[in-house]
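Data block below; observations after.
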Amino acid sequence: MSAMKIGLVCPYIMARGGGVQEIVRDYYRELVALGHDVRIITPRPQEDGDHYDKDGIIFLGNGTDFSFAAFQTTPTFSVSVDPAEIDAMLVKEKFDILHFHEPWVPILSRQILSRSKAINIATFHANLPDSVMSRTIAKVVTPYTKSVLKYLHALTAVSEAAAQYINSLTDEPVTIIPNGINLKHFKTLKHVATSKDKPKTILYLGRLEQRKGPKYLLKAYAELVKNQQDVELIIAGKGTERERLEAMVKELELPNVKFLGYVSDEEKLELFQSADLYCSPATHGESFGLVLLEAMACGLVTIAGDNPGYLAVMKETGALSIVNPRETDEFARRLAMLLNEEALRADWKKWAKEYIKQFDYPAIIKRYELLYQQALKNHPHRIKPFDDDEA
């Protein structure tokens, strides 16, 4: 496959970290390793001055923080970009492919799209949670997103859940390409089984917020420990719900519950390696289950909430891992079953070891390469940008 000049457009400031930023950074490394000439295009962080290119990153415009109650997060994205700066960048780089991640996020993607003479690919990562606030945001975002669609040559999403919103706006096909994982990295890690003289460990790792469902895990754990004492619950992560959760532990008199707060990537992997069961009981707002794949890659049996994003990942034997977090008794039974039944755990691990191979980066990047090539073939002369006074 011939080398391409590829621009990965991330609307969020790369230096701040986050799920989309991590994915873009990983795809950059994988595409470069395959011989492609790749740049990441992202808003300029205020603390980084006026650098144009740094470690493969092109900074455009300036970013600011916005708080979205529906997502319970505060992303930082572009609010101002000089059109002349975009034009100069596009003339210099001469991209074959511009790959826009979350193109519905203002304002960088649309301004580049209106001037691009490259093949424009979109990937949608998020789905709007089912709440009054998110529906209000959708009313604002939808007209903007529709104005972006006319510039795109191919649409992708990381899951059916992530594709749901864009499918409601267009009849154009949306190709599902899931997020990837670096299995080579996890192959160097070995899961350490709990010794007989230590309690079995259930691990929760994620933000401490309502939609992630940690309170439902505490309720199920309360039922579990009525019949099993050789167990502990480790809760790693920070968030607005921590005080309420700690109060709940005291109110229910739950034994062996530890709150670790924020943990680094290295500490996260250590927790994955040493736990017996990973549990992510998110009720909604998930478009994909990357953290589930990471736990599985470490050989860790996993339980997941029945939200659309997790259902997209936990298929086949993995369906045993899906639970309605609000059904406390069944949740507790599933914890006990996947924590204690060794034959079932062995079968589950055997299945997971093979199942996650389809998410390995080489397989995922190959799919994007083929998509890029097909789009180039379908549009050999490029489509001249529309005139757009609003860009």
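The values are calculated or read from the model by the stated rules, or taken from the named source; none is laboratory data. Because the structure is a prediction, the values reported are computed rather than measured. Note that each Cβ is placed from the backbone with ideal geometry, even for glycine, and that neighbours are counted across all protein chains shown.
Of note:
- Residue match in segment 176-185 (condition: at pLDDT 90 or above, surrounded by 15 or more Cβ atoms within 10 Å (Cβ to Cβ), within 28 Å of R211 (Cα to Cα) and in contact with a Leu (Cβ under 7 Å, 6 or more places away or on another chain)): yes
- Per-region count, segment 224-260, residues of a type in the set (K, R), within 27 Å of the chain's Cα centre (by Cα), over 20 Å from S274 (Cα atoms) and at pLDDT 95 or above: 2
- Among the residues making up segment 304-313, a single one is aliphatic (A, V, I, L, M) and either modelled with pLDDT of 95 or more or surrounded by fewer than 17 Cβ atoms within 10 Å (Cβ to Cβ) (or both): A304.
- Residue list for segment 341-361, filter: closer than 12 Å to L300 by Cα and exposed (fewer than 12 other Cβ atoms within 10 Å of the Cβ): A346, K350
- All conditions in (1) more than 19 Å from K238 (Cβ to Cβ); (2) modelled with pLDDT of 95 or more; (3) in contact with a Gly (Cβ under 7 Å, 6 or more places away or on another chain) hold for V301, with the sole exception of (3).
- Residue count for segment 140-168 satisfying the condition of being loosely packed, with under 14 Cβ neighbours inside 10 Å and within 22 Å of the chain's Cα centre (by Cα): 1.
- Enumeration of residues in segment 311-336 that are part of a loop (DSSP other than H, G, I, E, B) and under 20 Å from Q210 (Cβ atoms): N324, P325, R326, E327
- The listed residue being in contact with a Leu (Cβ under 9 Å, 6 or more places away or on another chain) and closer than 27 Å to K349 by Cα, out of L208, L300, L292: L300
- Taken over segment 236-264, the criterion of being buried (at least 16 other Cβ atoms within 10 Å of the Cβ), of a type in the set (A, V, I, L, M) and either more than 13 Å from G213 (Cα to Cα) or out of contact with any strand residue (DSSP E or B) (no Cβ under 9 Å at 6 or more places or on another chain) (or both) is satisfied by A236, M248, V249, L254, V257, V263.
- Residue that is nearest to N340 (Cα to Cα), among those in segment 251-288 that are among the hydroxyl-bearing types (S, T, Y) and not in a loop (DSSP other than H, G, I, E, B): Y278
- Condition check for K215: in the same structural domain as G305 (by TED's automatic domain parsing) and more than 26 Å from G285 (Cα to Cα): no
- Of the residues screened, Y221 is one that is at pLDDT 90 or above and touching a helix residue (DSSP H, G or I) at 6+ places or on another chain (Cβ under 8 Å).
- Scanning segment 160-189 for residues that are assigned to a strand (DSSP E or B) and not polar (S, T, N, Q) turns up V174, I176, I181.
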